[in-house]
Amino acid sequence: MSATASSLNQQPAAEHVAHAAAPSAQPQFRGEPIHVPNATLEPFWVRALLMTIALAFLALFLVVPLLAVFAEAFKKGGEAYLAAIIEPDAISAIKLTLLTAAIAVPLNLVFGIAASWTIAKFEFRGKNVLLTLIDLPFSVSPVISGLIYVLLFGAQGWLGPWLRDHDIKILFAVPGIVLATIFVTFPFVARELIPLMQAQGSEEEEAALVLGASGWKTFRHVTLPNIKWGLLYGVILCNARAMGEFGAVSVVSGHIRGETNTIPLQVEILYNEYNFQAAFAVASLLAFLALLTLALKSFIEWRLREVVQPYGYIEIKAGQS
């Protein structure tokens, strides 16, 4: 009896010693930060050095050039800035850029959904070849892609004589600019959707088909809601690249002022003419687009983190069916 009482009296002391030896094992109250042993963290000077290098790099190569663009654009005041923006050639470049993006982005949207659906939901021969072809614009210089269109549709190209005989103009016109833009931007939507669809799997679609839903209804009510944020993310990146593309468009456009110049080409022409204030004013439009894209990108990444977990599992929230 005394031995039992002695062991009972000593048990709290043993527990106290165990807790003191392993403070990280103590239960945490809700809202209390979790204790992380210092052995798993880098020294403070290492973290400070890495953060300083990263911030200095961003400030030197991103923030300073961006501020310089706006400073030069408004150097002569708001009236000079507005005059450079509403100049007829600038207005034509803005309209052509918006038209090109309005055609290229929806086409890439359709292609991206079709390609990602095919790759993520089916197994077939040539799947790796299709993935390689999707990544091709990332590995080929935009100037090279523009030269390919010149070889195809130029006056001395493979299809040039036929196009001339039928009075069809591709190069140095809007169709050539749209084709070049589509080529350099078509991977963006597909590359955002493929890993997302692969992580989600096909169980929900299979369940919908078993319950009698048609393929189109399954896509609208099951697949599309699951990929909407990834789809929007890809569309934003595709639109930003379409509006800012220079290399491929420069080759196929012909640099015809007021007709085939997009915003980047108009900036180049103004800068070469030593009209620096107007060049920076037009360039500030692309800078505004970049900032807007960054804000939307951050918002969508935040939304995607709520849907897709770090290891690729889909979060089932309370109240969702």
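Observations, loosely collected:
- Top-ranked residue of the range 291-306 - restricted to ones that are at pLDDT 80 or above and crowded, with 16+ Cβ neighbours inside 10 Å, ranked as nearest to Glu268 (Cα to Cα): Thr293
- When the helices (runs of 4 or more DSSP H) confined to the range 42-144 are screened for residues that are hydroxyl-bearing (Ser, Thr, Tyr) and at pLDDT 90 or above, those reaching at least 2 such residues are found at 88-121.
- Selected residue [assigned to a helix (DSSP H, G or I), closer than 29 Å to Leu133 by Cβ and not β-branched (Val, Ile, Thr)] from Leu193, Leu291, Leu270: Leu193
- Residue match in the range 231-245 (condition: assigned by the TED database to the domain that holds Phe299 and over 14 Å from the mean Cα position of the chain (by Cα)): yes
- Condition met for Ile177 (in contact with a Leu (Cβ under 8 Å, 6 or more places away or on another chain), in contact (Cβ under 8 Å) with a residue 12 or more places away in the chain and assigned to a loop (DSSP other than H, G, I, E, B)): no
- The lone exception for Glu259 - which of (1) out of contact with any His (no Cβ under 8 Å at 6 or more places or on another chain); (2) assigned to a helix (DSSP H, G or I); (3) closer than 19 Å to Val178 by Cβ; (4) not β-branched (Val, Ile, Thr) it fails: (2)
- Leading residue by the ranking (surrounded by the fewest Cβ atoms within 10 Å (Cβ to Cβ)) among those in the range 154-173 that are in contact with a Leu (Cβ under 7 Å, 6 or more places away or on another chain) and either closer than 15 Å to Ser250 by Cα or hydroxyl-bearing (Ser, Thr, Tyr) (or both): Gly154
- Residue check for Ile148: assigned by the TED database to the domain that holds Glu268, surrounded by 15 or more Cβ atoms within 10 Å (Cβ to Cβ), assigned to a helix (DSSP H, G or I) and without any contact (Cβ under 8 Å) to a residue 40 or more places away in the chain: yes
- In this entry, Glu205 is excluded by the filter for residues that are at pLDDT below 90, under 23 Å from the mean Cα position of the chain (by Cα) and part of a helix (DSSP H, G or I).
- Of all residues in the range 110-140 being of a type in the set (Gly, Ala, Ser) and over 19 Å from the mean Cα position of the chain (by Cα), the one that is farthest from Pro225 (Cα to Cα): Gly126
The values are calculated or read from the model by the stated rules, or taken from the named source; none is laboratory data. Keep in mind that what you see is a predicted model, and the values were worked out from it rather than measured. Positions of Cβ are backbone-derived with ideal geometry, glycine not excepted, and every protein chain shown enters the neighbour counts.
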